[in-house]
Amino acid sequence: MDCLFCKIIAGEIPSEKVYEDGNVLAFKDINPQAPVHILVIPKTHIESADKITENNNSEVGAVFAAIPKIAAESGLTNGYRVVTNVGEDGCQSVKHLHFHILGGAKLGEKMA
Ligand code: 5GP
Ligand code: ZN
């Protein structure tokens with residue numbers, strides 16, 4: 001499958017990993033939009049949040065169980081933002097479900 005994040009999971013494309021377990025990988029965003037900008041992805045290929053179903057939502061649960069650990073390890077003791085872009089209007093550029101963890105500074109109040 002021609003998926004950038006599946007290639008990162010497979011180690012075919014290098015990344016700066018910050019967390020990994022059996023179901024989840026987290027790595028630094030190549031173009032950070034905040035002092036801390038980490039991408040958290042399920043190791044299973046799911047196209048976007050719009051493709052979450054009863055059959056694959058445990059993968060998403062594993063991502064959210066990892067997020068507090070990743071945040072703590074990254075020093076995000078004063079809060080952070082978790083964002084997922086979906087499809088064309090959501091400006092999703094990589095078609096493998098990913099959650100942005102943004103923090104390390106007071107973020108803008110605007111969401112869009
Ligand atoms: P999206 O726009 O789909 O929500 O987010 C995709 C994110 O992936 C962007 O923030 C972009 O900077 C990041 N990204 C794209 N290609 C790479 C890559 O090869 N390595 C890493 N670490 N991040 C990438
Ligand atoms: Zn993928």
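Taking DSSP loops as anything outside H, G, I, E and B, show the longest stretch in the chain free of GluC sites (Glu not before Pro) there with at most 15 other beta carbons within 10 Å.
That would be 55-87.
Any chance you could run the full-extension gain for SER93 through GLU16? It's 0.36 nm times the residue separation minus the Cα-Cα distance, nm to one decimal.
Result for the pair: 25.8 nm of gain on full extension.
If I stretch the segment between ALA72 and LYS110 completely, what's the gain in nm (0.36 nm per residue apart, minus their alpha carbon distance), one decimal?
11.2 nm
How many angstrom lie between the Cα centre of the stretch 36-94 and the Cα centre of the stretch 1-33?
After rounding, the separation between the Cα centres reads 12 Å.
In nm, give the distance between the simple-model label positions of ILE52 and LYS7, each being 7 Å from the Cα along the Cα-to-Cβ direction.
2.7
Percentage of Cα-Cα pair distances in the chain greater than 19 Å, rounded to whole percent?
Working: 2695 of 6216 pairs.
Value for the chain: 43 percent of Cα pairs lie more than 19 Å apart.
Taken together, the values in this text are just the output of simple stated rules run on the coordinates, not laboratory data. Every value quoted in this text rests on a predicted model; they were computed, and no experiment measured them. Backbone-built Cβ (ideal geometry, glycine too); neighbour counts: all protein chains shown.
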